[in-house]
Amino acid sequence: MEQTKPVWGIMAAAILAVAGAGVVGGYLKARAPALPQVATRPPVVLDQGWSPELREAFYFTPQGSRLLPLAFLKAVEQPEGEGLFLDPQYIARFGFLPADGPSPLNPDGLPIGFAADPRRDGPFGADFGLTCAACHTGEIRAGSARIRIDGGAALADYQTFMTRLTTAFARTLVDPTRFARFSERVGGDPATVRTELQATVSRLQKLETAAKTAVPYGRGRLDAFGHILNAVAADALGEPANLGSPDAPVSYPFLWTTPAQRFVQWNGVAGNPIGRNLGEVLGVFGRTDLAGGRPDAFASAALIENLRLLEDWAAILKPPPWPERQLGAVDRAKAAEGEVLFKANCAGCHGGPDYRLTDAAETEGGRQWLAVTMVPQSVVGTDPRMLDNFRSRIARSGPLAPLFGGAPQVPAGGILLATVSNVVENDLRARNITGDARKAYSGWRFAPGAQKPLAGWSGTPAYKAGPLAGVWATGPFLHNGSVPTVYDLLSPQEERPARFHVGSSRYDAAKLGFISDPAALPEAERDALTVFDTTLPGNSNAGHAFPGPGAQALSPDQRRAVIEYLKILEGPDVRVR
């Protein structure tokens, strides 16, 4: 397979080593939870098609997220005491996973999804930021075993993490004793340290304010679009009035098969993978310069080449196989019954063997993708807030008004699209990437003879019904994480839990999902939980009823049969050439 080389020099040696391995291009508790015990034994790694080197590359290759100097993160203390913020036990309280150990890409042993940016244009060296692995790497616990789910959904608590991080730096700024210890750890001139610390605190407080919501996210959810639109339409554009509450959190979609899907996000708005990945970076501290409204000068901190590499790596990722040794043997006879029920009740939207593909005539070179179904919200009946927020959000166009015919107000999504398309175009032009090489960045998603990539879904408000191979490892369920287990999802709506706890990675193999009853968990693990209340705005667990409104519900035995089949449901074998 073709080896690829990133343009960022400081990362070249590490990424080339990976390429040589065969790589192709809610209420929150008021008090802080008790420190969890960080597991010391290595995780069980399932066969998902990644080599150890590729897994490390996915975890720690920077995307261009630049929050604050890494030297500052390594030096700052916990807001509650003198221990370091990066102490593994402290970071674990927010649900971020510990690294498997220091590595060439992660010499500091940062948690999975924490990365150092290669550019060193400030007085304190590399910046710290997040990668997609922070939110798209999961873990399941069965007894004493930790089972790694690469590309799965994290159970991270983003809001609490940002709140405690902001508090830690703010207290360091105002407490002379804390500052003295901090400055000594960072090194350099204390006056320069203080100046940069003031800027860091200001940036964090601004981000924290923009991220506050009436209903906290809790574990395992994030309103990615809300944060992205704030970062672009309000912050980068310099229009504070465009700030909106990011109050439509969704579960993190799993990554296997995503490069082969026609639409990816829950609302299916992105058809171009490089644009989709760039938007993600802009939402997690990928600073953007809109150059006073001059599109040919739009730029961001995003590392476009690395985003392409990450997409290539995700294309190799396979659904996690059911680990019978840790979670129990599959009842094959029951799974055969479940296959019949799945084809009758689920495959119409979600597909399954043999998976439906898009029409080869629709795209250049006859390339085909998984023809995922966009199900109208009025049909599926699940919580509408995520769709409503994105489609109804209007923003002042400010200096970008000429791009919209002089309109003073436009859909906020239009500003995002204009930003993303021009940032990508300017980056590729600057690196003289043309022809087929340029089309590869957009995943070859071009109609025959078209000059621009295929657009995303833009029809009736709808949610994506994607393929379900490996879904057993991705709870909680529904797009907003409002149902704890697959068994609950297959049950009548009135039987689904109205309130449950989120945050434990201990697995319920009978129901397919995480244990959500504190009484069934060790006492030491209960403080890390958050409560999910389905009666709150954005948290509805309604809809997605089976077999459908007015039809007789699946019996408990039928639900268990479907569960057995989902454990062994095969994924599609689709490779876009």
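Bear in mind these aren't lab numbers, they're just calculated from the coordinates by the rules spelled out. For clarity, every value in this text was computed on a predicted model and none was experimentally measured. We place every Cβ from the backbone using ideal geometry, glycine too, and count neighbours over all the protein chains shown.
Each 5 Å bin, from zero up to the one with the longest distance, holds this percent of the alpha carbon pairs of the stretch 202-289: 3, 13, 23, 25, 18, 12, 6, 1, 0.
Relative to the Cα centre, the charge distribution of the stretch 376-463, modelled as +1 at Lys and Arg Cβ and -1 at Asp and Glu Cβ, gives a dipole magnitude of about 140 debye. The order of the peptides 536-543, 343-350 by mean Cβ neighbours within 10 Å, most packed first, is 536-543, 343-350. Taking the number of Cβ atoms within 10 Å of each Cβ as an exposure proxy, the fewest-first ranking of 445, 287 is 287, 445.
For the stretch 289-440, pairs of C-alpha atoms spaced more than 22 angstrom apart make up 68 percent of the total.
Gyration tensor over the Cα atoms of the stretch 385-514: the corresponding equivalent ellipsoid has semi-axes (square roots of 5 times the eigenvalues, largest first) of 40, 22, 14 Å.
Each residue, residue 438 and residue 361, gets one label point 7 Å from its Cα in the Cβ direction; the gap between the two is 2.9 nm. Stretched out straight at 0.36 nm per residue, the stretch from residue 557 to residue 120 would grow longer than its current Cα-Cα span by 151.4 nm.
Modelled this way, with points 7 Å down the Cα-to-C-beta line, the labels at residue 203 and residue 570 are 4.9 nm from one another. Magnitude of the charge dipole for the chain, about its Cα centre and with charges confined to Cβ atoms of Lys, Arg (+1) and Asp, Glu (-1), is about 420 debye.
With the dipole of the stretch 206-283 worked out from charges on the C-beta (+1 for Lys and Arg, -1 for Asp and Glu) around the Cα centre, which of 233, 213, 256 lies farthest toward the positive end? Sorting the options by dipole projection puts first 256.
Positive end of the dipole of the chain (Cβ unit charges, origin at the Cα centre): among 414, 402, 284, the Cα lying farthest that way belongs to 402. Each of residue 392 and residue 177 was given a label point 7 Å from its Cα along the Cα-to-Cβ line. The distance between the two points is 5.1 nm. Diffusion coefficient (Stokes-Einstein, Kirkwood radius over C-alpha pairs, 20 °C, 1.002 mPa s) for the chain: 88 µm²/s, rounded to a whole number. Rounded to the nearest 20 debye, the dipole size of the stretch 508-577 about its Cα centre is 400 debye, using +1 on the Cβ of Lys and Arg and -1 on the Cβ of Asp and Glu. For the stretch 88-234, the spherically averaged projection of the C-alpha convex hull amounts to 10.8 nm².
Backbone phi angles across the stretch 55-71, fed through the Karplus curve with coefficients 6.51, -1.76 and 1.60 (θ = phi - 60°), yield HN-Hα couplings of 4, 4, 5, 5, 5, 10, 6, x, 9, x, 6, 9, 8, 6, x, 4, 4 Hz in residue order; Gly and Pro are listed as x. Ordered by the number of other Cβ atoms lying within 10 Å of each residue's own Cβ, fewest first, 74, 452 fall into the sequence 452, 74.
Among 403, 278, a tally of other beta-carbon atoms within 10 Å of each Cβ gives an order, fewest to most, of 403, 278.
Among the lysines of the chain, pairs that are 8 or more positions apart or on different chains and have alpha carbons within less than 21 Å of each other number 12.
A Förster radius of 25 Å, combined with the Cβ-Cβ distance separating residue 329 from residue 145, puts the computed FRET efficiency at roughly 0.95. Here is the tail figure for the stretch 343-407: Cα pairs spaced more than 15 Å apart come to 72 percent of all pairs.
A simple count of charges around residue 465, restricted to other residues whose Cβ falls under 13 Å of its Cβ and scoring Lys, Arg +1 and Asp, Glu -1, yields +3.
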